[in-house]
Amino acid sequence: MSSTGLDIGEQAISNAAKSIIQSQLDEFDSLEIEVHTDPLKLTQGQIDSLLVTGKGLVIQNDLRTEELVLKTGPVDVSMLKMATGVFALDEPADAEARVVLKPEDVQTAFNAAYVKQKMRGQKVELSSGEKVTTDASNVKFTIPEAGRIAVEADVMLIEKVETHHIAFSAKPKLVEQGHGVTLEDMKYDEAANDMPELTRSLIASTQDLLDFRTFDIGDMTLQFTQLDVQPDQLVFQANTNIRSLG
């Protein structure tokens, strides 16, 4: 998104906001900020609308977003705090968000150090009653068809020094009121699911990874309103309440 067409004041505050938000991000490909207002309102910290467009932003759990778009209506910005490098709002503001995930980026997040650490050392009780410690590796995440995702992984039972291949596909759905993601209409590869306890553990890890309602851009929490699993990407629509952006 280009900031062409902004006046000098809008361009100045857009650039200031961009610098502040960029300083909070560990990794991204591009980031554009557009602030729209008039000069008189700007002197009072009043903004008519704010548009944030990011490409390749890495949010929580080492999860890269193909695209993240955040759009607000009127907001009041603390100009005093902005002068000190903090993009804070005088009052929380409502916004709409759009987040696009590519399956290869979800797969990368599964195999990144942070998520692997969370998946390592999980305790699972087998049907025999024996409790074992698991470690997952070689996780693959794909979209085999519109509306469905597929996940497979090698799961080691550390105490037994055994490795089992786990595979399933499912339809991701938003839970009530958009407070998370659940998986429904499960389908299993029977040859790759001889231990259902391990499959349930991988399902839980998948739901956790896709639940990125709180992420490291300022102070906001997403409430999902729509999830569209397209043949080559997952598209989330959400509402959010912003308190700060950096």
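Answer yes or no as to whether LEU68 is in the same structural domain as ASN15 (by TED's automatic domain parsing), touching a Gly at 6+ places or on another chain (Cβ under 6 Å) and under 27 Å from GLN230 (Cα atoms).
yes
Filter region 34-45 for residues that are under 15 Å from PHE87 (Cβ atoms) and touching a strand residue (DSSP E or B) at 6+ places or on another chain (Cβ under 6 Å) and give the result.
GLU34, VAL35, THR37, GLY45 - these are the residues of region 34-45 that are under 15 Å from PHE87 (Cβ atoms) and touching a strand residue (DSSP E or B) at 6+ places or on another chain (Cβ under 6 Å).
Residue-by-condition table, conditions (1) assigned by TED's automatic domain parsing to the domain that holds ILE20; (2) in contact (Cβ under 8 Å) with a residue 40 or more places away in the chain:
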position: VAL86; (1), (2): yes, yes
position: MET119; (1), (2): no, yes
position: VAL124; (1), (2): no, yes
position: GLY129; (1), (2): no, no
position: ALA136; (1), (2): no, yes
position: ILE143; (1), (2): no, yes
position: GLU152; (1), (2): no, yes
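What residue, of THR221, THR133, THR163, is under 19 Å from ALA113 (Cα atoms) and surrounded by fewer than 17 Cβ atoms within 10 Å (Cβ to Cβ)?
Selected residue: THR133, the only one of THR221, THR133, THR163 that is under 19 Å from ALA113 (Cα atoms) and surrounded by fewer than 17 Cβ atoms within 10 Å (Cβ to Cβ).
Looking only at region 4-41, which residues are charged (D, E, K, R) and under 16 Å from PRO74 (Cβ atoms)?
If the condition is that a residue be charged (D, E, K, R) and under 16 Å from PRO74 (Cβ atoms), then GLU10, GLU34, ASP38, LYS41 are the ones that fit.
Being surrounded by 17 or more Cβ atoms within 10 Å (Cβ to Cβ), closer than 18 Å to ALA204 by Cβ, touching a helix residue (DSSP H, G or I) at 6+ places or on another chain (Cβ under 9 Å) and at pLDDT below 95 is the requirement here; does ALA109 meet it?
It is true that ALA109 is surrounded by 17 or more Cβ atoms within 10 Å (Cβ to Cβ), closer than 18 Å to ALA204 by Cβ, touching a helix residue (DSSP H, G or I) at 6+ places or on another chain (Cβ under 9 Å) and at pLDDT below 95.
From the set of residues in region 58-86 that are under 30 Å from LYS116 (Cα atoms) and of a type in the set (S, T, N, Q), which is surrounded by the fewest Cβ atoms within 10 Å (Cβ to Cβ)?
GLN60
I'd like the full set of residues that are of a type outside the set (Ser, Thr, Tyr), surrounded by fewer than 21 Cβ atoms within 10 Å (Cβ to Cβ) and within 25 Å of THR84 (Cβ to Cβ), limited to region 46-57.
Correct list: GLN46, ASP48, LEU51.
For residues that are charged (D, E, K, R) and part of a loop (DSSP other than H, G, I, E, B), scanning just region 29-81, find the one that is nearest to SER19 (Cα to Cα).
Among those that are charged (D, E, K, R) and part of a loop (DSSP other than H, G, I, E, B), it is ASP29.
What is the residue count in region 1-18 for residues that are surrounded by 13 or more Cβ atoms within 10 Å (Cβ to Cβ) and either out of contact with any helix residue (DSSP H, G or I) (no Cβ under 7 Å at 6 or more places or on another chain) or among the acidic types (Asp, Glu) (or both)?
8
Here's a check for you: in region 218-242, which residue that is modelled with pLDDT of 95 or more and β-branched (Val, Ile, Thr) is farthest from LEU51 (Cα to Cα)?
VAL229
Inside region 123-141, can you point out the residues that are of a type in the set (D, E, K, R) and within 30 Å of ASP232 (Cβ to Cβ)?
LYS140, the sole residue that qualifies.
The values are calculated or read from the model by the stated rules, or taken from the named source; none is laboratory data. What you see is a predicted model; the values in this text were computed from it and never measured. Please note: Cβ atoms are built from the backbone with ideal geometry, for glycine as well, and neighbour counts cover all protein chains shown.
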